[in-house]
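Undergrad: Here it is, the structure in full.
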Amino acid sequence: MDHGGASGGPGGVVEANLFKIGDLVEAFYASDKKWYPAVVQAVSKDGLVYTILYEGYNETEVVKADRVRVMSKEALKRRADIIEAGMGLCLLWLTD
């Protein structure tokens, strides 16, 4: 199964309804030709178009399914590290 160009660029063959609302993904941003972490906000009826919200940018975009892929292990680890660091700061604040 090809996960929307997960081999490194957009244009891969995709299966309809690969992702659902709330899924963490990476979406290809055509302006700078890079993949960014995002969350699926909506899925078209045929499953070939997604509305995604780029994390940290508060910006949504409607993209074809071949520009959405499973979030890479590296991106998931960075996300977990950021969350863990934030939790540590919250615990410091609560114990002061």
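Undergrad: HN-Hα J couplings of the stretch 26-40 from phi, Karplus 6.51/-1.76/1.60, θ = phi - 60°, integer Hz, Gly and Pro as x?
TA: Once θ is set to phi - 60°, the couplings for the stretch 26-40 become 10, 10, 7, 9, 4, 4, 10, 6, 10, 8, 10, x, 8, 10, 6 Hz.
Undergrad: Count neighbours as other Cβ atoms within 10 Å of each site's Cβ, and list the chymotrypsin sites (Phe, Trp or Tyr not before Pro) in the stretch 14-75 that are DSSP loop with at most 16 such neighbours. Could the numbers behind the result be given before it?
TA: On the way: sites: Phe19, Phe28, Tyr29, Trp35, Tyr50, Tyr54, Tyr57; in loops: Phe19, Tyr57.
Answer by residue number: Tyr57.
Undergrad: Between the DSSP loop rule and a limit of at most 12 other Cβ atoms within 10 Å, which trypsin sites (Lys or Arg not before Pro) in the stretch 16-53 are left?
TA: Working: sites: Lys20, Lys33, Lys34, Lys45; in loops: Lys20, Lys33, Lys45.
The qualifying sites are Lys20, Lys33, Lys45.
Undergrad: When Glu61, Glu26 are ordered from fewest to most other Cβ atoms inside 10 Å of their Cβ, what list results?
TA: Details: Glu61 18, Glu26 25.
In order of increasing Cβ crowding within 10 Å: Glu61, Glu26.
Undergrad: Given an 8 Å cut-off on Cα distances and at least 6 residues of separation, report the relative contact order of the stretch 24-71 as a percent. Don't skip to the answer; put the middle values down first.
TA: Working: 91 pairs, mean separation 17.7, N = 48.
Taking the mean separation of contacting Cα pairs over the length of the stretch 24-71, I get 37 percent.
Undergrad: If you don't mind, another one. Could you give me the ³J(HN,Hα) list for the stretch 66-72, computed from phi with Karplus coefficients 6.51, -1.76, 1.60 and θ = phi - 60°, whole Hz, x at Gly and Pro?
TA: Coupling constants for the stretch 66-72: 6, 10, 10, 9, 4, 4, 5 Hz.
Undergrad: Can you spot the lysines whose alpha carbon is less than 20 Å from Lys34's alpha carbon? Ignore those fewer than 8 places along the same chain.
TA: Those lysines meeting the cut-off are Lys64, Lys73, Lys77.
Undergrad: Using the number of other C-beta atoms within 10 angstrom as an exposure proxy, rank Arg78, Arg69 with the fewest first. All intermediate terms of the calculation are to be shown ahead of the outcome.
TA: Values: Arg78 13, Arg69 25.
In increasing order of surrounding Cβ atoms, one gets Arg78, Arg69.
FYI, it's all coordinate maths here, none of it is from the lab. What you see is a predicted model; the values in this text were computed from it and never measured. Cβ sites come from the backbone with ideal geometry, for glycine too, and all protein chains shown count toward neighbours.
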